Amino acid sequence: MLFIWSGWGILAVPVIIGTAVVVGALGGFALRAVGHPDLIFLAVSLGLFAAAGANWLVGRRLNGAPPRELVDPATNQRVLLRRRHALFWVPIQYWTLPVALTAFVPLLALRNL
């Protein structure tokens, strides 16, 4: 698979996948421990919501840094340099919305219960 990123934008992939897997697995173990293995889709949804939240925090932290100010010696104009962290030209924190919307998909299984 081809990934295009700038700065630390590639960090969105392991943050989303890692958080979703860890939280989903812990939720699945908890549901099996209390005797509800048929509600595993709730653990999947919880993992995706946690991944969306973690991604938002990482993205806001990385892209929220103040810009560096430079002065052009030829024109004496100020230039602000911002470090941009993006995946597929989209800033990291905005990948939260598709992940959060994907978290609603497992909840559609509630309609069949």
For this session: Please report the relative contact order for the chain, taking Cα pairs under 8 Å with a sequence separation of at least 6, and give it as a percent rounded to a whole number.
Result: 34 percent
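Would you mind counting up the charge near residue 91? Only other residues with Cβ under 10 Å from its Cβ, with Lys and Arg at +1 and Asp and Glu at -1.
Working: positive: 60, 84; negative: none.
It works out to a net charge of +2.
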Exercise. How large is the charge dipole for the chain, taken about the Cα centre, if only the Cβ atoms of Lys, Arg (+1) and Asp, Glu (-1) carry charge, to the nearest 20 debye?
Worked result: 220 debye
Problem set entry | Euclidean distance of C-alpha centroids, the stretch 1-52 and the stretch 62-113, integer Å | 20 Å
Problem set entry | Computed label-point distance, nm, for sites residue 111 and residue 4 using a 7 Å Cα→Cβ extension | 3.5 nm
Seminar exercise, completed: Label model pair residue 76, residue 57: point-to-point distance (7 angstrom along the Cα→beta-carbon line) in nm is 4.7 nm
Exercise. Which loop-located chymotrypsin sites (Phe, Trp or Tyr not before Pro) does the stretch 6-97 contain, where loop means any DSSP state but H, G, I, E or B and the Cβ has at most 11 other Cβ atoms within 10 Å?
Worked result: 89
For this session: Could you give me the radius of gyration and the Dmax of the chain, taking only the C-alpha atoms into account and expressing both in angstrom?
Result: 19.5, 72
For this session: Quick one: Debye curve from the alpha-carbon atoms of the stretch 1-66 only, equal weights, vacuum; give me log10 I(q)/I(0) at q = 0.13, 0.24 Å⁻¹ to two decimals.
Result: -0.45, -0.93
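We did not get these values from a lab; they are worked out from the coordinates using the rules stated. A quick note: this is a predicted structure, and the numbers were derived from the prediction, not measured. Please note: Cβ atoms are built from the backbone with ideal geometry, for glycine as well, and neighbour counts cover all protein chains shown.
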